Amino acid sequence: RQLQQVLVDHIQDEETEQFPQLRAHLPAATLVELKEKVEHAKKLAPTRPHPAVPNAELFHKLVGPGVGLVDRLRDKLTDRST
């Protein structure tokens, strides 16, 4: 229940505060570009938790797409939806 409340609060903050401010201050073309970057990143990102990996930007940029590929393969083989 605590996690659910944290997620609801997070979503509500994004929908009522953050996204409206972005729409008010950024041109539509920039928002579209950001959306495309987020969608691209989601396609490469891991789909499973990996708590033992280092929390370093360079590591995630270099290894993350490979880990994401392996995760999606595992997801496919186990019929796990992401």
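The values are calculated or read from the model by the stated rules, or taken from the named source; none is laboratory data. Just so it is clear, the model here is predicted, and its values are computed rather than measured. With ideal geometry, Cβ positions are generated from the backbone for all residues, glycine too; neighbour counts draw on all protein chains shown. Accessible surface areas use protein heavy atoms only, side chains included; no ligands, DNA or RNA. Shrake-Rupley method; radii C 1.70, N 1.55, O 1.52, S 1.80 Å.
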| said: Looking at the stretch 1-78, I'd like the Rg to Rh ratio, where Rg is from alpha-carbon atoms and Rh is Kirkwood's inverse mean 1/r. | reply: 1.06
| What's the local net charge at Gln21, with K and R +1, D and E -1, over the other residues with C-beta under 14 Å away? | -3
| field | the stretch 11-82 - accessible surface per residue (Å², probe 1.4 Å) | value | 84 Å²
| note | At R0 = 22 Å the Cβ-Cβ FRET efficiency linking Glu36 and Gln4, nearest 0.05, sits at 0.15
| message | Take Ala52 and Thr78, extend 7 Å from each Cα along the Cα→Cβ direction, and tell me the distance between the two endpoints in nm. | response | 1.5 nm
| field | Charged-residue dipole, Cβ positions (Lys, Arg, Asp, Glu), the chain about Cα centre, Debye nearest 20 | value | 440 debye
| request: Select from Pro65, Thr16, Gln4 the residue farthest towards the positive end of the dipole of the chain; place +1 on Cβ of Lys and Arg, -1 on Cβ of Asp and Glu, and compute about the Cα centre. | output: Pro65
